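Laboratory data are not the source of any read-out in this text; all were calculated from the coordinates shown. Since the model is a prediction, treat every value here as computed from it, not as a measurement. Note: ideal-geometry Cβ built from the backbone for every residue, glycine included; neighbour counts use all protein chains shown.
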Amino acid sequence: MSLLSNASHRRFNPLTGEWVLVSPHRTSRPWQGQVEKTHDPDRPRYDPTCYLCPGNERANGERNPAYKGVFAFGNDFAALTPQASAEEIVQDGLLVAQSEPGRCRVLCFSPRHDLTLSRMTVPEIVPVVEAWRDESLRLGALDMINYVQIFENRGAAMGASNPHPHCQIWATHSIPNEAAKESERQGAYLAQNGSCLLCDYLALEQSLGERIVCRNDHFVALIPFWAIWPFETMVLATRHIGSFDDLTADEVGALAEILQRLTIRYDNLFETDFPYSMGFHQRPTDGAPHANWHFHAHFYPPLLRSATVRKFMVGFEMLGEPQRDITPETAAARLRDVSETHYLDKPTP
Ligand code: H2U
Ligand code: ZN
C-alpha cells in the first residue's frame with residue numbers, strides 16, 4: 001500500500017467523521033522556527049511555592065491537607081459552576097446561547113512534586129485510576145451532569161500551569177463537541193453494523209499489528225490509522241465497556257499498567273519529560289444506556305522530531321483540516337522500538 005507510505009493522501013476518522021491530510025514525503029523539511037524549552041530534570045520532591053503540594057496554601061487561601069496518596073478538590077477557578085436556572089437565548093436563529101452548569105475538580109496524582117505517571121509505580125497509579133472512577137461516578141450521578149471529562153495537560157508546551165502531577169475533571173450539563181461526535185458516530189455504526197465501532201477497529205488493528213504500541217490483558221495502546229498529532233495514541237479497553245464504572249479490579253490494575261508503560265515509552269522517545277494532553281472518553285451520564293460507547297483514552301502529544309521541535313496546528317490545520325508528516329505506521333514503529341525502562345532509571349555507564 002504505497003499510497004499510505006509515499007504519497008500525499010487523506011485518511012478518514014470513523015470516530016469523528018473528519019479527515020486528516022497525510023504528507024509522508026514532507027518529514028525532512030528544515031526547521032528554523034520555535035524551539036521548546038526542555039524540562040528541568042531536578043524538580044524537588046516538595047516545592048514550598050507549589051499550590052498543589054501537601055500542606056501548601058492555594059490561590060484562594062485554602063490550605064491543602066498533608067495528603068499521602070491522591071488528593072482531589074474543587075477547582076478554585078472553575079470554568080463551570082452549578083446554576084439554579086436554565087436559560088436560553090435564540091435570536092433570528094443566528095445568536096444562540098444556553099446556560100451551562102457544571103463542576104470542575106483538580107486531582108493530584110501524588111504528594112510528590114517531582115513525579116509524573118511515567119515515574120510512578122503501578123501500585124501508585126492504581127489509586128489514580130480508582131479516583132478517576134470514583135469522581136466519574138459521583139459527578140455523573142448528579143442530576144445536572146450529563147458528561148464527565150477527565151483530562152491531563154502535561155508540560156508547559158501543553159499549557160499545564162504547574163509541573164506537580166495532576167489532572168482536571170470537568171463535569172458538564174451538555175455533552176461536549178468531541179464526545180458528542182464520537183457518540184453520534186458510534187451510534188450510527190452500531191445501527192448499521194450491529195457491532196461496536198471500536199471493538200471492530202481494535203480487532204482489525206490487532207490482526208494487522210503495525211500500529212500497535214503495547215498491550216496487556218485488558219488494554220491496547222495504538223496509533224490510530226487517522227492520528228493527527230505526530231505520536232498520538234489511543235488506549236482501548238479490549239472488553240466492550242462504556243466507562244470507568246464498568247472497570248473490574250483487574251482492569252483498574254491493567255489500565256494503571258498500560259498508562260505507565262506508554263508514558264515511559266513517550267519519555268524515552270526523546271529522553272525528555274514528554275508533554276501531552278490526554279483524556280478519557282466514556283459514555284454520557286444522562287441515564288440512557290449508550291451501549292454504542294466503547295471506553296478509551298486519547299493522548300495528544302505535540303512533539304514532532306525532538307524534545308524541542310513541536311507540531312503546530314496552524315495555517316492549513318486551522319483553515320483546512322489537520323495535517324501530519326510522519327505516518328502513523330512510522331510513529332508506531334518508533335514508539336515500539338524504545339524501552340519500557342525509564343531513561344532516568346538506567347544505570348549511568
Ligand atoms: P492545569 O495545570 O491543567 O491548568 O490545571 C491546574 C488547575 O488548578 C487550573 O484549572 C487550578 C487552576 O484553575 N488551581 C486551583 O484550583 N487552585 C489554585 O490555587 C491554583 C490553580
Ligand atoms: Zn507540588
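Rounded to the nearest 20 debye, what is the charge dipole size of region 214-314 about its Cα centre when +1 sits on each Lys and Arg Cβ and -1 on each Asp and Glu Cβ? All intermediate terms of the calculation are to be shown ahead of the outcome.
Values: 8 positive and 11 negative charges, 93 e Å.
Value, rounded to 20: 440 debye.
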If R0 = 22 Å, then residue 66 and residue 42, at their Cβ-Cβ distance, give a FRET efficiency to the nearest 0.05 of 0.35
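To the nearest 0.05, what FRET efficiency results for residue 191 and residue 240 with a Förster distance of 22 Å applied to their C-beta separation?
Working: r = 16 Å, r/R0 = 0.73.
Efficiency at R0 = 22 Å is approximately 0.85.
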With Cα springs under 10 Å, the Gaussian network model of the chain assigns the largest mean-square fluctuation among 206, 98, 168 to 98
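Give, rounded to the nearest 20 debye, the magnitude of the charge dipole that the chain has about its Cα centre when Lys and Arg contribute +1 at Cβ and Asp and Glu contribute -1 at Cβ.
Values: 32 positive and 43 negative charges, 183 e Å.
Roughly 880 debye, rounded to the nearest 20.
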The answer for GluC sites (Glu not before Pro) in region 111-176 that fall in a DSSP coil and have at most 14 neighbouring Cβ atoms within 10 Å is none
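Chymotrypsin sites (Phe, Trp or Tyr not before Pro), restricted to region 261-331: which are DSSP loop and have at most 14 other Cβ atoms within 10 Å? Spell out each step's value before the answer.
Details: sites: 266, 270, 276, 280, 293, 295, 299, 312, 316; in loops: 293, 295, 312.
Those satisfying the criteria are 312.
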Within region 318-349, the residues whose backbone N lies under 20 Å from a label point placed 7 Å from the Cα of residue 6 along the Cα-to-Cβ direction are 325-331
Whole-Å distance linking the alpha carbon centroid of region 50-113 with that of region 127-180 is 10 Å
Lone Cys, the chain, Cβ cut-off 4.7 Å -> 104, 108, 167, 214
In nm, the gap between the two label points placed 7 Å beyond Cα toward Cβ at residue 248 and residue 19 is 4.3 nm
Of all C-alpha pairs within region 1-155, those more than 22 angstrom apart amount in percent to 66 percent
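Counting other Cβ atoms within 10 Å, keep those with at most 12, restrict to DSSP loop, and tell me which GluC sites (Glu not before Pro) in region 258-349 are left.
Working: sites: 271, 317, 329, 340; in loops: 271, 340.
Sites meeting the loop and neighbour criteria: 340.
Would you kindly state how much longer the chain becomes between residue 95 and residue 339 on full extension, computed as 0.36 nm times their sequence separation minus their alpha carbon distance, in nm to one decimal?
Values: separation 244, 0.36 × 244 = 87.84 nm, distance 5.28 nm.
Additional length available on full extension: 82.6 nm.
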Out of 84, 172, 279 - ranked by how far each Cα lies towards the positive end of the dipole of the chain, with unit charges on the beta-carbon of charged residues - the top one is 279
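Can you give the helix-only mean residue ellipticity at 222 nm for the chain, where every DSSP H stretch with n ≥ 4 adds -39500 (n - 2.57) and the sum goes over all residues, rounded to the nearest 500 deg cm²/dmol?
Working: 7 runs with 89 residues, N = 349.
After summing the helix terms and dividing by residue count, I get -8000 deg cm²/dmol.
How would you classify region 35-105 from its alpha-carbon gyration tensor, with a ≥ b ≥ c the square roots of the eigenvalues: rounded for a/c under 1.5, else prolate if a/b is greater than b/c, otherwise oblate? Intermediate results must be reported in sequence, preceding the final value.
Values: a/c = 4.18, a/b = 1.95, b/c = 2.14.
Oblate, because a/c is 1.5 or more while a/b does not exceed b/c.
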If the chain between residue 180 and residue 156 were fully extended at 0.36 nm per residue, the gain over the current Cα-Cα distance would be 5.8 nm
Between the modelled labels at residue 26 and residue 83 (7 Å from Cα along Cα→Cβ) the distance in nm is 4.0 nm
Honestly the chain on the Cα gyration tensor test (a ≥ b ≥ c root eigenvalues; a/c under 1.5 rounded, otherwise a/b vs b/c for prolate or oblate) is just rounded
If unit charges are put on Cβ atoms (+1 for Lys and Arg, -1 for Asp and Glu) and the dipole of the chain is taken about its Cα centre, the option from 255, 148, 303 lying farthest towards the positive end turns out to be 303
